[in-house]
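In what follows, a structure is listed as C-alpha cells, so that the remarks can point back to it.
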Amino acid sequence: MVVQAYILIQTDVGKAAQVATAIAAVQGVTQADDVTGPYDVIVRAEAKTVDELGKMVVAKIQTLEGITRTLTCPVVNI
C-alpha cells in the first residue's frame, strides 16, 4: 500500500509559483499548486513507506530555495 500525504508549504514572499514548479519535478510528488491563504503551496505526494515519505520531505523538498516551513499531513483511510 502506498503512503500518501498533503504537504502544506510556506514560502518567501513572491516565491510560491517558483517553489510549486520546482516541487512538481520531485519524484513522488503527484500534484503541486500555489494557493492563497496561510500556506503558499499545497503538494500531494506519495511514497512506499512513511520513512521514504519523510526522507522525501526532508531531503528533496525542504532543501529547495524559497521554502520557509512545511507541514506534512498523511492521508488516513478510515
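Quick notes on this one:
- Single unsatisfied condition, ALA17 versus (1) assigned to a helix (DSSP H, G or I); (2) of a type outside the set (Ser, Thr, Tyr); (3) touching a Leu at 6+ places or on another chain (Cβ under 9 Å): (3)
- Members of region 12-26 that are in contact (Cβ under 8 Å) with a residue 12 or more places away in the chain and either within 13 Å of ILE61 (Cβ to Cβ) or under 11 Å from the mean Cα position of the chain (by Cα) (or both): VAL19, ALA20, ALA22, ILE23, VAL26
- One residue alone among THR36, THR30 is in a strand (DSSP E or B) and among the hydroxyl-bearing types (Ser, Thr, Tyr), and that residue is THR30.
- Scanning region 60-75 for residues that are farther than 14 Å from ALA22 by Cβ and not charged (D, E, K, R) gives THR68, LEU71, THR72, CYS73, PRO74, VAL75.
- If only residues of region 42-54 that are under 12 Å from the mean Cα position of the chain (by Cα) and surrounded by fewer than 16 Cβ atoms within 10 Å (Cβ to Cβ) are counted, the one that is nearest to GLN31 (Cα to Cα) is ARG44.
- Restricting THR36, THR70, THR30 to those that are farther than 11 Å from TYR6 by Cβ and either surrounded by fewer than 16 Cβ atoms within 10 Å (Cβ to Cβ) or touching a residue at least 24 places away in the same chain (Cβ under 8 Å) (or both) reduces the list to THR36.
Bear in mind these aren't lab numbers, they're just calculated from the coordinates by the rules spelled out. A quick note: this is a predicted structure, and the numbers were derived from the prediction, not measured. For neighbour counting, all protein chains shown are included, and Cβ atoms are generated from backbone atoms with ideal geometry for every residue, glycine included.
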